[in-house]
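**Student:** Below is a structure I'd like to ask you about.
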Amino acid sequence: MNVAARVGSGRGAAIEILSIKKYYGNFAALEDVSMRIEAGEFMTFLGPSGSGKTTTLNLIAGFTDLTAGDIRVGDRSVGGLPAYKRNIGVVFQHYALFPHMTVFKNVAYPLKLRGIRKAERERLVKHVLEMVQLENFAHRYPGELSGGQQQRVALARAVVFDPPLLLMDEPLGALDKKLREWLQLEIKRIHRELGSTFVYVTHDQEEALVLSDRIAVFNRGRIEQVGTGHELYTEPETLFVGRFIGESSVLKGPHETRAGETAIEVAGVKVAARGLPKGVGPQTILVRPEKITVTKPGAEAPGQVNRLRGRVTESLYLGADTKYEVRLPDGTVILSRMPVSERPFAIGDEVEVFWSIDDSKLLADDGSAESA
Ligand code: ATP
């Protein structure tokens, strides 16, 4: 392959993950995971600690062996292929730079391994150092760089040979918030510039939303749902996904169904959602905070709404919005976000909350609200 010709060529590899399993002894770290990642896509693996994100990434990279299933990168199976033959770029949380080599030599290393000639190496290294805005740091040693600069060198080294696929495992995990937010934008820009496929691991849902074309939500060795941030936020398929992405109120209680609606009894009051129960077990209703209005008791509400009475336990001014926490008599907490008004409610105020039935999301109770 002519590496030089491919730099910036914008060709990514599609990845097909086919019923993969990974066992450590009897322990199933991954149970039957399947998905397709499109060529050039920015895919993020999101989930709590121990849910199988890193294991999946390591299986794609070839750092761990599959117990069952297959992985295809581009149009070939990489199942039996050692990591160094997969032509994949990787970046980890802890900058694995060579401390005794300059930035230039660190970045040139993958090109040297691939037998690229000196003049071409110099051109390519210069190009990627410009891309990560470190062209003036080529002669420094890693020990003379900040954490964020070291991660940018690691990124440059991972992309210098223009791999069709770049894997990143919590690359910003060790950095402070401000630097992380800035580097998120840099990573997005580099993804656009290269056009290769990026697979990114994080447990930070905000980071996932900022970066990704699509997000795969992992839980206990399985994928719960794959979708855009918007799809996961507005149409979660499980309570786990609904609670993991963004904020929500979760209502529980005995349920009954009539005329295509399901009602749940919360604090002695029935609240409804469109549709039939999901499965045979207990049901929940999930509502996003921006859909919930807090009013004085008895105030008028438009359309077909659910109403509950409670007391304000928190009132937070957030600039454009006010965030309220309202506690119901049974202890259920309702979150609301509303545009700032001239007369905000105060802690202790008796209020009513209401929301449209169409904004109730009916989901099976998978127990995830208790385990938080
Ligand atoms: P984190 O965000 O904490 O990195 P993760 O979602 O990336 O979590 P994995 O590292 O993929 O999780 O781990 C999945 C499960 O497999 C965990 O329960 C972990 O303890 C287990 N596991 C990982 N590596 C090994 C190993 N070498 N031997 C035994 N169990 C392992």
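The values are calculated or read from the model by the stated rules, or taken from the named source; none is laboratory data. Everything quoted here is computed from the prediction, not taken from an experiment. Because the Cβ atoms are built from the backbone with ideal geometry, glycine has one as well, and the counts that use them run over all protein chains shown. Side chains included, ligands, DNA and RNA excluded: accessible areas come from the protein's heavy atoms. Shrake-Rupley method; radii C 1.70, N 1.55, O 1.52, S 1.80 Å.
**Student:** Do we find that Gly52 is within 16 Å of the ligand (Cβ to nearest atom), open to solvent by less than 50 Å² (accessible area, probe 1.4 Å), in contact (Cβ under 8 Å) with a residue 24 or more places away in the chain and at positive phi in this structure?
**Tutor:** Taking the combined requirement at face value, the residue satisfies it.
**Student:** Can you name the residue in segment 87-118 that is of a type in the set (Gly, Ala, Ser) and buried (at least 19 other Cβ atoms within 10 Å of the Cβ) and, of all such residues, is modelled with the lowest pLDDT? Please lay out each step first, then the result.
**Tutor:** The initial filter retains those residues of segment 87-118 that are of a type in the set (Gly, Ala, Ser), namely 89, 96, 108, 115.
Of the ones still in play, those that are also buried (at least 19 other Cβ atoms within 10 Å of the Cβ) are 89, 108.
Numbers: Gly89: 92, Ala108: 96.
That would be Gly89.
**Student:** Still on this structure, I have one more. Among the residues of segment 55-71, count how many are surrounded by fewer than 18 Cβ atoms within 10 Å (Cβ to Cβ), hydrophobic (A, V, I, L, M, F, W, C) and either free of Cβ contacts under 8 Å to residues at least 24 places away in the same chain or over 20 Å from Arg220 (Cβ atoms) (or both).
**Tutor:** 1
**Student:** When you look at Val33, is it within 16 Å of the ligand (Cβ to nearest atom), open to solvent by less than 50 Å² (accessible area, probe 1.4 Å), at pLDDT below 95 and on the phi < 0 side of the Ramachandran plot, yes or no?
**Tutor:** Working: within 16 Å of the ligand (Cβ to nearest atom): yes; open to solvent by less than 50 Å² (accessible area, probe 1.4 Å): yes; at pLDDT below 95: no; on the phi < 0 side of the Ramachandran plot: yes.
Answer is no for this residue.
**Student:** Take the residues in segment 280-296 that are in a loop (DSSP other than H, G, I, E, B) and closer than 27 Å to Ile347 by Cα; name whichever of them is nearest to the chain's Cα centre (by Cα).
**Tutor:** Out of the qualifying residues, it is Arg288.
Conditions tested, residue by residue: (1) of a type in the set (Phe, Trp, Tyr); (2) open to solvent by less than 50 Å² (accessible area, probe 1.4 Å); (3) closer than 30 Å to Gly47 by Cα.
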| position | (1), (2), (3) |
| --- | --- |
| Asn306 | no, yes, no |
| Gly310 | no, yes, no |
| Leu316 | no, no, yes |
| Lys323 | no, yes, yes |
| Gly331 | no, yes, yes |
| Ser336 | no, yes, yes |
| Gly348 | no, yes, no |
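**Student:** Being part of a loop (DSSP other than H, G, I, E, B), over 22 Å from Glu237 (Cα atoms) and of a type in the set (Asp, Glu) is the requirement here; does Asp330 meet it?
**Tutor:** yes
**Student:** May I ask you to list pairs of residues, at least six apart or on different chains, whose Cβ atoms are under 8 Å apart, with the first in segment 170-182 being on the phi > 0 side of the Ramachandran plot and the second being assigned to a loop (DSSP other than H, G, I, E, B)?
**Tutor:** Partner pairs satisfying both residue conditions: Glu170/Phe92; Glu170/Gln93; Glu170/His203.
**Student:** Among the residues of segment 9-30, write down those that are part of a strand (DSSP E or B) and more than 11 Å from the ligand (Cβ to nearest atom).
**Tutor:** Ile15, Glu16, Ile17, Leu18, Ser19, Ile20, Lys21, listed by residue number.
**Student:** Of the numbered conditions (1) among the basic types (Lys, Arg); (2) within 19 Å of Arg243 (Cα to Cα); (3) in a strand (DSSP E or B), Arg309 fails exactly one; give the number of that condition.
**Tutor:** Arg309 satisfies every listed condition except (2).
**Student:** Could you tell me whether any residue of segment 276-291 is surrounded by 15 or more Cβ atoms within 10 Å (Cβ to Cβ), at positive phi and more than 16 Å from the ligand (Cβ to nearest atom)?
**Tutor:** Checking segment 276-291: not a single residue is surrounded by 15 or more Cβ atoms within 10 Å (Cβ to Cβ), at positive phi and more than 16 Å from the ligand (Cβ to nearest atom).
**Student:** Identify, from the list Leu57, Leu66, Leu97, the residue that is assigned to a loop (DSSP other than H, G, I, E, B), closer than 28 Å to Arg192 by Cβ and not aromatic (Phe, Trp, Tyr).
**Tutor:** Being assigned to a loop (DSSP other than H, G, I, E, B), closer than 28 Å to Arg192 by Cβ and not aromatic (Phe, Trp, Tyr) holds for just one of Leu57, Leu66, Leu97, which is Leu97.
**Student:** Does Gly89 satisfy the condition of being in a loop (DSSP other than H, G, I, E, B) and either under 29 Å from Phe218 (Cβ atoms) or touching a residue at least 12 places away in the same chain (Cβ under 8 Å) (or both)?
**Tutor:** Judged against the criteria, Gly89 is not a match.
**Student:** Could you tell me which of the residues Gly47, Gly74, Gly80 is farther than 30 Å from Leu145 by Cα, open to solvent by 70 Å² or more (accessible area, probe 1.4 Å) and either modelled with pLDDT under 95 or touching a helix residue (DSSP H, G or I) at 6+ places or on another chain (Cβ under 9 Å) (or both)?
**Tutor:** Exactly one residue qualifies, and that residue is Gly80.
**Student:** While we're here: Restricting attention to segment 262-279, and to residues there that are touching a residue at least 60 places away in the same chain (Cβ under 8 Å) and over 32 Å from the mean Cα position of the chain (by Cα), which single residue is farthest from Gly331 (Cα to Cα)?
**Tutor:** Here the answer is Gly268.
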